[in-house]
Amino acid sequence: MRDIIVTLIVFGCLPLVLRRPHIGIFLFAWISYMNPHRLGWGFAYTFPFAYIIALVTIFAFIVSKENKKLPATPITVVLILFIVWIGISTLFAVYPEAASTSYIEILKVQFITFLSMILIQSKERIHGLVWVMALSIGFFGIKGGVFSLATGLSYRVWGPPGSVIEGNNELGVALLMIIPLLVYLYQNSSKKMLKRFLLASIMLCALSILSTFSRGAFLAFVCMLGFLWFKSKHKLPLAIVCIVSLLAITPFLPDHWIERMGSIPVVGKYITNADEGPEIDESGLGRLSAWRMAFNIATHRVTAGGFKCWTPENFALYSNPERVHDAHSIYFEVLGEQGFIGLFLFLLLFFLAWRTGSWIIRHTKDRADMLWANQLARMIQVSIIAYATGGAFLGLAYFDLVYHLICLLVVTQLWVKRQLANPVIEADPQSIKDSATPERQKWPWEK
């Protein structure tokens with residue numbers, strides 16, 4: 001039954017995509033992030049919905065009167081350079097045939113990212129994409145939160161099977177990145193029932209993160225809260241809320257959760273005790289071995305190892321052959337696969353994304369009609385903090401969600417620049433308030 005429902009939704013929306021290509025971006029994001037077809041057990045599980053949606057969206061885009069120009073910004077330039085460099089490292093990869101398969105997948109993800117930058121350039125479309133992204137991944141946070149309440153956090157929460165966020169660690173970081181978007185939607189919603197739903201969703205997602213038993217996600221959660229507290233104008237009330245929440249939930253945390261979080265290794269101990277010491281578990285030693293391999297192969301090869309380089313043969317050459325392990329770090333993942341040049345472009349991309357968010361915040365702080373853009377940029381910066389910290393212990397360097405967040409910053413900045421170029425029209429306070437938080441959000445096909 002679930003297979004039929006998903007199929008009817010997808011093929012029922014394709015005519016809308018032909019009329020409004022940007023709806024194809026929404027539909028593709030829903031399939032990519034929520035993976036609803038993987039919640040069934042029949043023919044839909046392996047059906048190529050994303051491929052069909054992409055083809056229809058591209059065709060609709062080509063024949064439409066939509067703008068065809070890719071925004072020329074420092075972010076798009078660096079992203080293109082990063083993709084090109086990945087292609088070069090794939091040509092010279094240790095295993096070029098296997099690496100080319102992964103590179104093709106990267107190209108698919110980035111093509112949709114660039115198409116989103118072209119099609120999602122209005123306030124309504126930006127808002128619509130945020131809704132789709134937040135609810136698609138938030139669905140698993142809501143479901144997992146309810147499950148955690150029912151079981152007393154006794155079991156781990158997992159993501160959709162066969163997806164990038166299937167693992168508990170990956171799901172935990174993805175939910176961390178989505179919570180700021182839910183906060184943004186809460187801030188820009190006026191209906192009480194909707195605000196209550198979003199507030200409950202935020203709380204359930206936070207509970208799901210704890211129930212993933214992911215140490216990396218827990219560390220990222222702490223860093224994200226610290227950043228919010230540092231940037232907040234209400235530091236004391238926020239601190240009180242966090243302390244009260246911690247005291248309230250601690251008695252309900254199972255002993256095995258506390259033991260696992262208590263085993264979080266310190267990076268300094270990793271460095272000073274590379275191969276010795278009972279305080280570092282086997283997982284930590286495996287990551288150290290992978291990080292050493294990434295550094296050494298990047299030192300010996302300008303293009304590093306390319307995709308699929310985490311093999312016993314390479315560990316025998318560049319690290320410990322007895323501890324073959326994935327990078328489990330976005331930074332060492334890029335370093336080991338794309339080399340120092342690739343890592344530089346990767347870090348530069350996020351530096352520019354952060355600066356773009358700061359530019360939006362700075363230029364919209366005194367404009368009530370641009371309040372939504374200010375809030376969105378702030379929340380995406382929080383998401384970047386979650387990704388940067390959680391990703392330090394997780395291999396999600398090519399996760400399409402983070403590139404979609406960067407896309408949102410690019411198109412939001414373009415929107416702000418267009419508005420700033422227009423003269424300010426005087427309006428009564430009530431009309432400005434209605435513009436900032438509309439009573440009813442129109443459906444995407446109404447725009």
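The values are calculated or read from the model by the stated rules, or taken from the named source; none is laboratory data. Note that this is a predicted model, so its numbers are computed, not measured. Cβ: placed from backbone, ideal geometry, glycine included. Neighbour counts: every protein chain shown.
Considering each of LEU238, LEU153 in turn, give the residue that is outside any helix (DSSP H, G or I), of a type in the set (A, V, I, L, M) and over 29 Å from SER116 (Cβ atoms).
Numbers: LEU238 fails: outside any helix (DSSP H, G or I).
Only one candidate qualifies: LEU153.
Would you check if LEU198 is under 19 Å from the mean Cα position of the chain (by Cα), part of a helix (DSSP H, G or I) and without any contact (Cβ under 8 Å) to a residue 40 or more places away in the chain? Step through it out loud before you land on a result.
Numbers: under 19 Å from the mean Cα position of the chain (by Cα): yes; part of a helix (DSSP H, G or I): yes; without any contact (Cβ under 8 Å) to a residue 40 or more places away in the chain: yes.
Yes, satisfied.
List pairs: first in the range 135-162 and closer than 16 Å to MET203 by Cβ and touching a residue at least 40 places away in the same chain (Cβ under 8 Å), second in a loop (DSSP other than H, G, I, E, B) and of a type in the set (Ser, Thr, Tyr), Cβ under 7 Å, 6+ apart or cross-chain?
Pairs found: VAL157/THR212.
When SER116 is evaluated against the numbered criteria (1) more than 16 Å from VAL402 (Cβ to Cβ); (2) crowded, with 21+ Cβ neighbours inside 10 Å; (3) among the small types (Gly, Ala, Ser), which criterion, by number, is the only one it fails?
Going through the list (1) more than 16 Å from VAL402 (Cβ to Cβ); (2) crowded, with 21+ Cβ neighbours inside 10 Å; (3) among the small types (Gly, Ala, Ser), SER116 breaks only (1).
Looking at (1) assigned to a helix (DSSP H, G or I); (2) at pLDDT below 95, which is the only condition VAL324 fails?
(1)
Confirm whether SER122 is touching a residue at least 24 places away in the same chain (Cβ under 8 Å), hydroxyl-bearing (Ser, Thr, Tyr) and buried (at least 21 other Cβ atoms within 10 Å of the Cβ).
Against the criterion (touching a residue at least 24 places away in the same chain (Cβ under 8 Å), hydroxyl-bearing (Ser, Thr, Tyr) and buried (at least 21 other Cβ atoms within 10 Å of the Cβ)), SER122 does not qualify.
One residue is enough: does the range 86-98 have a residue meeting the conditions acidic (Asp, Glu) and not in a helix (DSSP H, G or I)? Write out each step before concluding.
At the first step, the residues of the range 86-98 found to be acidic (Asp, Glu) are 97.
Imposing the further condition that a residue be not in a helix (DSSP H, G or I) reduces the set to none.
No - not one qualifying residue is present in the range 86-98.
So how many residues does the range 50-73 have that are outside any helix (DSSP H, G or I) and not acidic (Asp, Glu)? Even if it seems obvious, please write down each step before you answer.
Of the range 50-73, the ones outside any helix (DSSP H, G or I) are 64-73.
Narrowing the set further to residues that are not acidic (Asp, Glu) leaves 64-65, 67-73.
Of the residues in the range 50-73, 9 are outside any helix (DSSP H, G or I) and not acidic (Asp, Glu).
If VAL6 satisfies all but one of (1) free of Cβ contacts under 8 Å to residues at least 40 places away in the same chain; (2) out of contact with any Lys or Arg (no Cβ under 9 Å at 6 or more places or on another chain); (3) over 25 Å from GLN121 (Cα atoms), what's the number of the condition it fails?
Among (1) free of Cβ contacts under 8 Å to residues at least 40 places away in the same chain; (2) out of contact with any Lys or Arg (no Cβ under 9 Å at 6 or more places or on another chain); (3) over 25 Å from GLN121 (Cα atoms), VAL6 violates only (1).
Scan the range 359-375 and give yes if some residue there is closer than 28 Å to THR299 by Cβ, touching a Leu at 6+ places or on another chain (Cβ under 8 Å) and surrounded by fewer than 20 Cβ atoms within 10 Å (Cβ to Cβ), otherwise no.
Our first condition is that a residue be closer than 28 Å to THR299 by Cβ; within the range 359-375, this holds for none.
No, that holds for no residue.
Within the range 300-310, which residues are touching a Gly at 6+ places or on another chain (Cβ under 9 Å) and surrounded by fewer than 24 Cβ atoms within 10 Å (Cβ to Cβ)?
ARG301, VAL302, THR303, TRP310
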